[in-house]
Structures are given as structure tokens and as C-alpha cells.
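Notes for the one structure printed next.
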Amino acid sequence: MLKNLSATAFTALVLLLLTCQCPAGAAPPPPTGGTTVPAVAPPNATQEYLEAHNQARAEVGVGPLQWSQPLAKSASLTVRLQRDKQNCSFANLANSRYGGNQLWSSGFTVAPRVAVDTWVEEKKFYNYESNSCAPDHRCGVYTQVVWKKSVELGCAQAKCPKEQSTLTICFYNPPGNVVGEKPY
């Protein structure tokens, strides 16, 4: 049977299977406009998120992150809420119990590695000795990627009808960017 499925039909089947793996009585929120986001990142995306994060962490001597299904589910719920109820705008993560990074793009889908590489680009503005960022720049998403005390990662992405955009969110546990502490 699988031999006769087109690549598109097979992908849709895989996404459907991933989306429906929830406890009895629990159903994911129905989509209201964009492409369905699975409750977990597809295996190749999961690996790509992990490899990109762990490469950046290894460059500064920090141990690898481990993938967390609960964090991935939380990220998925958050990107779907933003897509379905908030016009695909950035989420307010200020009161989250996890650390978080987000990336919004317009006109194309961002691969997991590209999202993480975009956050890691801030490294050039970060000064480890003074634990500060160059004037007129931000470094918080980079320092979260390499935060030594963060050990778990979960990410998700939603495709949004607004400007054919995507919103990517990664959560980290425990959260990083503790004021007065260096990331590593």
C-alpha cells in the first residue's frame, strides 16, 4: 500500500499519525487557517534542531541538549495558538516557566537549522568577559541556545497564512538568561 502513495499523500499521512498520538479523550486544537502543526517535530526536524543547538554549544564547551517531548508539545501548542488566535505574531513568553526563542519569517518556510543558526548569529555581538552585548544589538537568543544549565529542548513551527509566514518557537528547560549569570 505505501508503494502506491505519492510523496504528498505519504507526508500528510505521517503528519496525521503524529498529530493524533494523544492520550484518550485529548484532542489537539483544530486548525483554523494554516497548515496543521504536529504535536511533535518530525524526526528529521527534531534531529536538525538538536544538531544545530548542540553544535553551537560544543563550540563553547557546553554539553548537549536532549529532546523533550513535553517541551515540544508546549512549543507546538504555543505556535498553533499564535497562528490561530494571534495572527501569527510573536508569543509573549515573559511568564513562561521555560526559556524560549522565537523566529518569524515571511515568504518562505525556515528550516530548523536556519532558525537556530539565525539565533546563533548573535554570538558575534556577545562579549563573554563582560557578559554583555555590543551597543544597539541583542544577544539573548544566542545566550539561551548555549545556556549551560539548560538541558532539555523542544521546538515547533507553524505555517501561517499571514504573508505566507512561519513562526518557530523553541523552549528550554531549565530556562536560561538569569540576570547576573554567564551562560557558560
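Partners of LYS73 within straight-line reach, counting aspartates and glutamates whose Cα lies under 18 Å from its Cα and excluding those fewer than 8 residues away in the same chain: GLU48, ASP84, GLU152.
Over the stretch 95-157, the Kirkwood radius and the radius of gyration, each from Cα atoms, give a ratio Rg/Rh of 0.98.
Averaging the Cα positions of each part gives two centres, and for the stretch 104-163 and the stretch 43-60 these lie 12 Å apart. Report the full-extension gain for the segment LYS162 to VAL60: residue separation times 0.36 nm, less the Cα-Cα distance, to one decimal in nm. That pair, LYS162 and VAL60, stretches by 33.0 nm at full extension. The number of Lys pairs in the stretch 117-184 with C-alpha atoms less than 26 Å apart, excluding pairs fewer than 8 positions apart on the same chain, is 8.
Once both labels are positioned 7 Å from their Cα atoms along Cα-to-Cβ, the gap between LYS123 and GLU51 label points is 1.7 nm.
May I ask you to give the percent of accessible area on the stretch 52-91 that is carbon plus sulfur, with a probe radius of 1.4 Å? Ligands and nucleic acids excluded, carbon and sulfur give 53 percent. Think of a 1.4 Å ball rolled over the protein heavy atoms: the stretch 86-184 then has 53 Å² of accessible area per residue.
The values are calculated or read from the model by the stated rules, or taken from the named source; none is laboratory data. These numbers come from a predicted model, not from an experiment. Here the Cβ is made from the backbone with ideal geometry for all residues, glycine too, and neighbour counts use every protein chain on show. Side chains are part of the model used for accessible areas, which takes the heavy atoms of the whole protein and leaves out ligands, DNA and RNA. Shrake-Rupley method; radii C 1.70, N 1.55, O 1.52, S 1.80 Å.
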